[in-house]
Amino acid sequence: MPDEEAATPGTQQQGLAQVFTQQADFTAATGATPLAFPAVAFDAYPDHPSGAASSCVRTLPGVDLPWGSSTPTVNVLAPRAKDWLCFMGPGWDHGNTNPLPVKPTLLAVGEDDFEIAFLRPVSAVGLELLTNRLAQHKVTLTFTDASQEVLDDAVLATGANAFAFVGIQSTKRIRSLFIDSSGGGTENEGIAAIWTAP
């Protein structure tokens with residue numbers, strides 16, 4: 001009988017979490033749905049410290065999602081950033097991001113490490129990550145019982161300078177996750193989409 005990894009290409013079991021590298025496989029297995037991001041990056045916030053095609057909020061309190069909801073379910077922070085967490089959209093280019101955003105994408109001014117808190121814990125989360133030339137990530141999951149699991153780069157399998165998908169389904173409910181990236185202070189990393197399943 002084949003093992004689970006051989007039976008489902010693009011997935012890998014790691015501790016309590018199953019990791020997906022294909023968005024279609026992830027949504028089929030989990031029923032996860034995307035969280036709304038703003039339609040236009042410039043219109044999201046009144047502050048525009050990064051110029052045209054972008055708008056920003058202070059790293060605290062961060063960004064609540066789904067965008068525009070009176071009852072958000074997710075909060076995104078950039079705790080190691082200098083001061084701004086921004087939506088960057090098509091047409092924004094400061095020469096330090098490859099590939100450039102093709103839709104509103106969360107980037108931080110400074111180190112691009114992200115903390116995602118689920119106001120209602122989830123069983124699965126998917127991320128479309130904008131990666132830099134290093135594409136080195138470590139994701140720390142924190143569960144509702146305060147235990148943690150760390151997923152390293154070998155499991156996440158993100159490619160360099162790409163929009164890479166990483167999906168995580170867990171046997172324990174996830175309260176938060178922390179994405180630790182390398183080199184985000186010089187070449188941006190970002191989040192272009194988030195999916196969740198209750």
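Summary of computed values
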item: Solvent-accessible heavy-atom area per residue, rounded to whole Å², over the chain at 1.4 Å; result: 43
item: Segment Asp25-Val150, length gained on full extension (0.36 nm per residue, minus Cα span); result: 42.8 nm
item: Only Lys, Arg (+1) and Asp, Glu (-1) charged, at Cβ; the chain dipole about Cα centre in debye; result: 400
item: Kirkwood Rh in Å, taken over region 155-198 so that all alpha-carbon pairs contribute; result: 12.7
item: Stokes-Einstein D for the chain, Kirkwood Rh over Cα pairs, 10 °C, 1.306 mPa s (µm²/s); result: 95
item: For region 116-198: Kirkwood Rh in Å [reciprocal of mean 1/r, alpha carbons]; result: 13.0
item: Percent carbon-and-sulfur accessible area, region 50-198, ignoring ligands, DNA and RNA, probe 1.4 Å; result: 52
item: Qualifying lysines (Cα of each under 23 Å from Cα of Lys138; at least 8 residues distant if same chain); result: Lys82, Lys172
item: Projected label distance in nm at Thr33 and Ala52, using a 7 Å step from Cα toward the beta-carbon; result: 3.7
item: Helix-only [θ]222 nm of the chain, DSSP H runs n ≥ 4, -39500 (n - 2.57) each, per residue, nearest 500; result: -1500 deg cm²/dmol
item: Spin-label model distance (nm) - Asn96 vs Val40, 7 Å beyond Cα toward Cβ; result: 2.7
item: Distance between modelled label sites at Leu16 and Thr186, nm, 7 Å Cα→Cβ extension; result: 3.7
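The values are calculated or read from the model by the stated rules, or taken from the named source; none is laboratory data. Just so it is clear, the structure is predicted and the values come from calculations on it, not from any experiment. Quick reminder, even Gly has a Cβ in these numbers, built from the backbone with ideal geometry, and neighbours come from all protein chains shown. Surface accessibility is based on the protein's heavy atoms, side chains included, excluding ligands, DNA and RNA. Shrake-Rupley method; radii C 1.70, N 1.55, O 1.52, S 1.80 Å.
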